[in-house]
1. Which of the residues belonging to the range 45-60 are assigned to a helix (DSSP H, G or I) and of a type outside the set (Asp, Glu)?
2. Would you please name the residue that is modelled with the lowest pLDDT, looking only at residues in the range 7-44 that are in a loop (DSSP other than H, G, I, E, B) and crowded, with 19+ Cβ neighbours inside 10 Å?
3. Looking for something without any contact (Cβ under 8 Å) to a residue 12 or more places away in the chain, assigned by TED's automatic domain parsing to the domain that holds residue 177 and surrounded by fewer than 20 Cβ atoms within 10 Å (Cβ to Cβ) - is there at least one such residue anywhere in the range 48-69?
4. Test residue 95 against the stated conditions and say whether it is under 17 Å from the mean Cα position of the chain (by Cα) and free of Cβ contacts under 8 Å to residues at least 24 places away in the same chain.
5. Working only within the range 76-110, note down all residues that are loosely packed, with under 14 Cβ neighbours inside 10 Å, modelled with pLDDT of 95 or more and not in a helix (DSSP H, G or I).
Amino acid sequence: MQQKSEAFEKEHHVTVRLIAGSTGRLYNQIMQGAPFDLFIAADDERPSLLMRRHKGEARFRIGQGHLGVKVGKQVISNLSMLVNPAIQHIAIANPDVAPFGKSARVVLQHQGLWEALKPKFVYAQNAMQAAMMVDQGLVDAGFVPLASQQHAIAEIDYQAVLLRDKALAKVWLANLAKPQQTRLAGCSR
């Protein structure tokens, strides 16, 4: 996103201000009147709610994210490795507000590991904070966004909602949505 915004800024001679945070927190800020032009979420729920509550002009699928697990610097796909007693602290985005955390919880529940690993969890505000905790060695492992689907344990659709009918916001959104050419209908799917 940073690279795309820098290219957009050069091409259109504007400043793009990216506000990172958990999907739930950003949604709450929008509902309280935050002056955002676009909302990009890693779930379907909040974009649908924004459209139903008439906070958005249009909604688009703009890409896909990948959830993985890192132990130290290594990405793993065998989640049972996390029960190893040597792994004492596992970063996870708060599943109540962050889609990557919610996806991690679903995968772990499906594999019967959620309750066993729950005492090891260190909750982050969002997936990027969880990744930072792993990268800085603050935890032994973590559920983190991956750049590709190799070793991914889940895939997450990214949605964008045009919040304000502004010309440059539409152009920015068109740049993001271009590879998929997918527009979602108004309220909910």
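The values are calculated or read from the model by the stated rules, or taken from the named source; none is laboratory data. What you see is a predicted model; the values in this text were computed from it and never measured. Positions of Cβ are backbone-derived with ideal geometry, glycine not excepted, and every protein chain shown enters the neighbour counts.
1. 46, 47, 48, 49, 50, 51, 52
2. 22
3. yes
4. yes
5. 84, 85, 86, 88
Okay, residues lined up against (1) modelled with pLDDT under 95; (2) among the hydrophobic types (A, V, I, L, M, F, W, C); (3) not in a strand (DSSP E or B):
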| site | (1), (2), (3) |
| --- | --- |
| 115 | no, no, yes |
| 118 | no, no, yes |
| 128 | yes, yes, yes |
| 165 | yes, no, yes |
| 172 | yes, yes, yes |
